[in-house]
Every structure is written in C-alpha cells, then in structure tokens.
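Please treat every number below as a calculation from the coordinates, not as lab data. The structure displayed is predicted, hence computed values, not measured ones. In this analysis, Cβ positions are derived from the backbone assuming ideal geometry, glycine residues included, and neighbour counts consider all displayed protein chains.
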Amino acid sequence: MALNFNPLLSFTFLQKGNHNHGLPKFSMSRKVENTKNTQKQQVLHSMPPHKIEIFKSLESWVEENVLIHLKPVEKCWQPQDFLPHPGCDGFHFRVEEIQKRAKEIPDDYFVVLVGDMITEEALPTYQTLMNITDGVRDETAASSSSWATWTRGWTAEENRHGDLLNKYLYLSGRVDMKEIEKTIQYLIGAGMVR
C-alpha cells in the first residue's frame, strides 16, 4: 500500500512476515524532482495592498482575542509528561509496555502518526513562510507585533506535538526512524512552493 501526499514522500508498507533482520514494518522512500534546470522566481509581495491592510487592521483584534489563548510555558504540558522518564526505575519496563501495546495498533494508524509527526517537524519551513508574509512580516524573528507573537507561540505549541510523536514512534519500535528523519530533512531542505 502506498500513500503519496507530497512529491517528495512515498510511504510504503513492507509485507507482514517479510521483515529483514527484524526491521520495523514501516519504511519510507523518497522521490526527488530534478530542480537543477528549474529557475525559481522570488516573490517580493505575497498579497495585494488591500489584503495587507486587512492584516494590519486586525493587529489589535489578534492581541485581544488570539494572544490570550497562548499559555505560559510553565502551564503547558510537555512531551515528557506522557513518556517514561529515562532516569527512573522501571524505564525499560515502561518502554517494553509501550512496544507491547504498539504491536496491537494497525499499520494504517502509524502512517497517520508518521505523517503528523513529519508535518510537525517541518515547523521551521512554516514559521519562515509566515515570517515573510506581507502584513505579518517578522523579519527579526523577535517582533512584538501581535501576528509575530502568535506565530512564535503557535510554533512552540506545535513543536511539542512533534516532539511527543517523534519520541513515541521511536520508543514503539514500529517505524524506521532513520528513513523518517531523512524524509524530514528532505522536506525542510526542499522548502515550500507557494
């Protein structure tokens, strides 16, 4: 079964019972387009002026209605809250429990978890795109504008999701993490086409 959702990615399941040397059931392969002859044109403005004005006019609304939903770091859950702590007694037993329970989860669920994790791991690309969007621009990555503050807060939130998924998938033993890591590197390195 192959699920293609990005020209750079192709998810492929190995047939059950056809594992080589105990490799996980899940592997990934990549498709890379030849971009040597492709001339990319830089987009100087992503929106017409009237749309930029809409974003600017919403600054105070974002500050009053969106930023209030960003929690202080100390009040947020962290990935380690849901995972065994490596320094505690019983760590290896808890990892074995995760692996035992993960064996019962259908392969299709792992396709979704891996896809979600890859999306979360590509956050640098998304934040870069938002930082350069007209009307939101955060060229210093430290702007105090409402849009920039929200973008950084949202990125920090999503990063925690990716960290938790990454660690769970690693501990589950069900996926080929090296292939996933290479896929993430290809994805981020390729950038985004708008």
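Within segment 131-146, does at least one residue satisfy the condition of being out of contact with any helix residue (DSSP H, G or I) (no Cβ under 9 Å at 6 or more places or on another chain), farther than 30 Å from E53 by Cα and not polar (S, T, N, Q)? No: segment 131-146 contains no residue that is out of contact with any helix residue (DSSP H, G or I) (no Cβ under 9 Å at 6 or more places or on another chain), farther than 30 Å from E53 by Cα and not polar (S, T, N, Q). The sole residue among E181, E121, E157, E139 that is among the charged types (D, E, K, R) and crowded, with 19+ Cβ neighbours inside 10 Å is E121. Scanning segment 81-95 for residues that are touching a residue at least 40 places away in the same chain (Cβ under 8 Å), surrounded by 11 or more Cβ atoms within 10 Å (Cβ to Cβ) and in a helix (DSSP H, G or I) yields a total of 1.
Of the residues making up segment 151-194, those that are of a type in the set (S, T, Y) and within 19 Å of K100 (Cβ to Cβ) are Y168, Y170, S172.
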